[in-house]
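Participant: One structure follows; several queries about it will come next.
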Amino acid sequence: MEILKDIKLNNYSTFKIGGPADFFVIIEKKSELLEVINWANKNKKEIFVLGGGSNVLFSDMGFSGIVIKNEMKGIEIVSENEQEVIVRSYSGELWSKLVYFTIEKNLYGLENTFYIPGTVGASPVQNIGAYGVELKDVFYNLAAINLETGQEEYFNLRDCQFGYRDSIFKRVLKGKYFILWVEMKLKRKGELKLDYSDIQRTLNERDLVEPNLKQLIEIIREIRDQKLPNPAVLPNAGSFFKNPIIKADLFEELKNQYPDLKYFVNNDEIKIPAGWLIEKCGFKGRRFGAVGVYEKQALIIVNHGGATQKDVLELVEQIKSEVKDNFKIDLEEEVNIL
């Protein structure tokens, strides 16, 4: 383990934006993490934990503390019975590798989240989700290291206070813990969630009525490849905004004004696709200097080359302002802005 100096963060972000970190270290095991925490506390340096870099927009000025690049790997089954299996994954693993592991074991629960970029450690922070499934639906337990004390602590489902793309780790505990591992409770038998329109359309195209787990994740991979830009080709941070949840009275008002309004209803919550709102405001496919809105999915802001955080944030504010003026809805960023 070596603590490096002045490492450019744009090389560690799928957005390809960011100045230098004063200090930077790659850790692969708990003992190295504890050593770095001790060093940071002794030298009074702020810590930022970096996973896959797929959901972060770094400052153009960089980071004045120490960035810990998480490379802690490993996936294992920790307990099982005839109905359920608890799988533990260390936080530096790629999320899609974990999902594929569960598919290979013929376990149900994570399949709709396949191909979400990033690492396992970010999953409880964001309460990641896709196609009607969220981490909280299968979450069991996690272990995390307190960055101030170095102590290992455990969080159950209630402790995490999960919400839509939200958790206690994004609010009162933001930046205070390093997540070591996450455990999920998965089922040996289950029903696939296939009711999203993109999935249904692809099933119809393939004349598939009852896909198996492997067929479903291939369908999801295909859908995501068609709708989302490859960050290696066109740098981006995935979905930049959360899909807003609105009240019934505003929904009725918007439905009368926009008969083509897109929406989802889940547990009495009315969710409006942020991409639809942004597209309706005329941003889809438009370029603003070095940044722009992706031509196939208005939820994604892209870096056409040489963009800065300032460029992105100016476009973000313009989008939020137009959506507020037109729909009375406040968009909220999903990307972590540092």
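The values are calculated or read from the model by the stated rules, or taken from the named source; none is laboratory data. In this text the structure is predicted, and so the values were computed from the model without any measurement. When we count neighbours, we look across all protein chains shown, and the Cβ atoms used for this are built from the backbone with ideal geometry, even at glycine. SASA here: full protein model, heavy atoms, side chains in, ligands and nucleic acids out. Shrake-Rupley method; radii C 1.70, N 1.55, O 1.52, S 1.80 Å.
Participant: Of the conditions (1) surrounded by fewer than 21 Cβ atoms within 10 Å (Cβ to Cβ); (2) in contact with a strand residue (DSSP E or B) (Cβ under 7 Å, 6 or more places away or on another chain); (3) without any contact (Cβ under 8 Å) to a residue 60 or more places away in the chain, Lys44 clears all except one; give me its number.
Facilitator: Condition not satisfied by Lys44: (2).
Participant: Just to check your reading of the model, which residue among Lys69, Lys105, Lys97 is touching a strand residue (DSSP E or B) at 6+ places or on another chain (Cβ under 6 Å) and at pLDDT 95 or above?
Facilitator: Lys69
Participant: Could you grab me the full set of residues in the stretch 239-290 that are at positive phi and either at pLDDT 95 or above or in contact with a Pro (Cβ under 6 Å, 6 or more places away or on another chain) (or both)?
Facilitator: Across the stretch 239-290, the qualifying residues are Gly282, Gly285, Gly289.
Participant: If a residue has to be surrounded by fewer than 19 Cβ atoms within 10 Å (Cβ to Cβ) and either in a strand (DSSP E or B) or within 15 Å of the chain's Cα centre (by Cα) (or both) to count, how many in the stretch 142-164 make the cut?
Facilitator: Qualifying residue count for the region: 7.
Participant: When only residues in the stretch 47-79 that are charged (D, E, K, R) and open to solvent by less than 60 Å² (accessible area, probe 1.4 Å) count, which is farthest from Val316 (Cα to Cα)?
Facilitator: This residue is Glu71.
Participant: Which one of these is assigned to a helix (DSSP H, G or I), of a type outside the set (D, E, K, R) and either in contact with a strand residue (DSSP E or B) (Cβ under 9 Å, 6 or more places away or on another chain) or farther than 24 Å from Val293 by Cα (or both): Leu250, Leu234, Leu208?
Facilitator: Leu250
Participant: Of all residues in the stretch 165-205, which are open to solvent by less than 30 Å² (accessible area, probe 1.4 Å) and in a helix (DSSP H, G or I)?
Facilitator: Ile168, Phe169, Asp198, Ile199, Thr202, Leu203
Participant: Scan the stretch 4-41 residue by residue and report those that are in contact (Cβ under 8 Å) with a residue 60 or more places away in the chain, outside any helix (DSSP H, G or I) and either charged (D, E, K, R) or surrounded by fewer than 17 Cβ atoms within 10 Å (Cβ to Cβ) (or both).
Facilitator: Within the stretch 4-41, Lys16, Glu28 meet the criteria.
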